[in-house]
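Okay, structure first, notes after.
The values are calculated or read from the model by the stated rules, or taken from the named source; none is laboratory data. For clarity, every value in this text was computed on a predicted model and none was experimentally measured. Cβ placement follows ideal geometry from the backbone for every residue including glycine, while neighbour counts extend to all protein chains displayed. To get the accessible areas, we keep the full protein, side chains included, count just its heavy atoms, and leave off ligands, DNA and RNA. Shrake-Rupley method; radii C 1.70, N 1.55, O 1.52, S 1.80 Å.
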Amino acid sequence: MKIIDLTKNNSRTQDRLLPAVDAIKNGNLVVIPTETVYGLAADCFNISAVNKIFLVKNRPYSDPLIVHISNLRQLHQVVKYIPENAKKIIKVFWPGAVSLVLYKKSSVPDIVTAGLKTVCIRMPENEVTRKFIELCGTPLAVPSANIFSRVSATDISHIIKDFDGVKEIKYVIYTGRPKYGIESTVIDCTSYPFRVLRYGAVDIEEIKKKCKVEIIEQKRIFQKKSPGMFKKHYAPIKPTYVSFNITKYIKTVTKEELNNVTIVCSKKTKDKLREILKDGSSVITYGNTLKEIAKNLYLCLRLAEEMDTKKIVVEATKMSGLGKTIMDRLLKASEGKIV
Ligand code: AMP
Ligand code: MG
């Protein structure tokens, strides 16, 4: 796994991408940057290359991949037709962190779509990503670059930790920390009104308002009484909990217990806790605004995993706008466990 580091020197980008383009053309995998999280890319029409994604991630074949494109010509290569209302979203939000589910052409292999008749597509905003796809000359199938069900990668150290020595991955194209740090918003456009399939980096309200399209939202992201409804995903390796009131939580636990916890919270909350917390408590701050929190969340969860403590307690955010995305990830990372 060789690293193509584009963080410092932006000259000759195209030339430096070419070895990785060859790797894709030869049916191998490349870790690519995007504005959401890092992705693990394969030629979407090469079944054995796509199969390698599932093998190295340990991802079940029932979980479909998002096809990444660099231009609208590639969109027509993979989808049957584009409803007028989906065109409105494409016009405003592409390139960007919005993925659309549409009916697929039969040329898209079943392995990419988990056997579904639909395919999920997006055109990334990151210019290096689009340049790379264009040079590959084919749409790329790309899930997040992390071991299945674990925390997504937003830093080179995360990619190395999950995939160092994996021979199928030939290159990592590195452009630094992603702009959003959280996955794309997924919208099912196969029936109208459209439906949110996954909350993500772009706020649904903004899409509805700017495109004047109807999008039905999930009934509940949060249901306190039934933790079982949360499929474990985006999860640290240590038991993780969500707290709606960190100050109250800290007051209810013993000093010994507190020494075994890493708290992830806003800077504001950390300042408030300063008086209550004794030395030795580990606190990681994920920022103050929802935008900062979304960007730093996975980095903080990965840091919390590495700490010398047994469990992680993350402060909940409000449940509107980007907060819906953050809470969706937190409730899956914790399997709905609240303290
Ligand atoms: P990730 O592995 O993090 O890139 O997530 C890809 C996600 O996109 C999947 O887990 C699904 O939620 C969604 N997705 C991809 N393809 C489809 C599809 N054909 N229908 C519905 N959802 C899809
Ligand atoms: Mg993922």
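Scanning segment 1-31 for residues that are of a type in the set (A, V, I, L, M) and either without any contact (Cβ under 8 Å) to a residue 12 or more places away in the chain or touching a Phe, Trp or Tyr at 6+ places or on another chain (Cβ under 9 Å) (or both) yields M1, I3, I4, L6, L17, A20, V21, A23, I24, L29, V30, V31.
Which count do you get for residues in segment 5-30 that are outside any helix (DSSP H, G or I) and of a type in the set (A, V, I, L, M, F, W, C)? Lay out the reasoning, then the answer.
Of all residues in segment 5-30, those outside any helix (DSSP H, G or I) come to 5-12, 26-30.
Still in the running and of a type in the set (A, V, I, L, M, F, W, C): 6, 29-30.
Number of matching residues: 3.
The conditions of being within 16 Å of ligand 2 (Cβ to nearest atom), charged (D, E, K, R) and closer than 20 Å to N71 by Cα are met by R122. Pairing each residue of segment 194-219 that is more than 12 Å from S99 (Cα to Cα) with any residue that is open to solvent by less than 40 Å² (accessible area, probe 1.4 Å) and assigned to a loop (DSSP other than H, G, I, E, B), provided the two are 6+ apart or on different chains, yields C-beta distances under 6 Å for D203/G321. Filtered by the rule that a residue be closer than 16 Å to L322 by Cα, among the basic types (K, R) and part of a strand (DSSP E or B), segment 173-198 gives a lone residue, R198.
Listed residues S282, S320; which is of a type outside the set (D, E, K, R) and in contact with a strand residue (DSSP E or B) (Cβ under 6 Å, 6 or more places away or on another chain)? Break it down stepwise before answering.
Working: S320 fails: in contact with a strand residue (DSSP E or B) (Cβ under 6 Å, 6 or more places away or on another chain).
Testing whether each residue is of a type outside the set (D, E, K, R) and in contact with a strand residue (DSSP E or B) (Cβ under 6 Å, 6 or more places away or on another chain) leaves just S282.
Pairing each residue of segment 299-315 that is touching a residue at least 12 places away in the same chain (Cβ under 8 Å) and within 23 Å of T36 (Cα to Cα) with any residue that is of a type in the set (A, V, I, L, M, F, W, C) and open to solvent by 30 Å² or more (accessible area, probe 1.4 Å), provided the two are 6+ apart or on different chains, yields C-beta distances under 9 Å for E305/I237; E315/F244. Of the residues making up segment 151-186, those that are away from ligand 2 (no atom under 11 Å from the Cβ), hydroxyl-bearing (S, T, Y) and either touching a strand residue (DSSP E or B) at 6+ places or on another chain (Cβ under 7 Å) or open to solvent by less than 10 Å² (accessible area, probe 1.4 Å) (or both) are T154, Y171, Y174, T185. Each residue in segment 83-112 was checked for being closer than 25 Å to E214 by Cα, within 15 Å of ligand 1 (Cβ to nearest atom) and not aromatic (F, W, Y), and 8 of them qualify. Taking the conditions exactly as written (surrounded by 17 or more Cβ atoms within 10 Å (Cβ to Cβ) and modelled with pLDDT under 95), does R130 satisfy them or not? No: the conditions fail for R130.
Summed over segment 139-150, the residues that are touching a strand residue (DSSP E or B) at 6+ places or on another chain (Cβ under 7 Å), within 11 Å of ligand 1 (Cβ to nearest atom) and among the hydrophobic types (A, V, I, L, M, F, W, C) give a count of 3.
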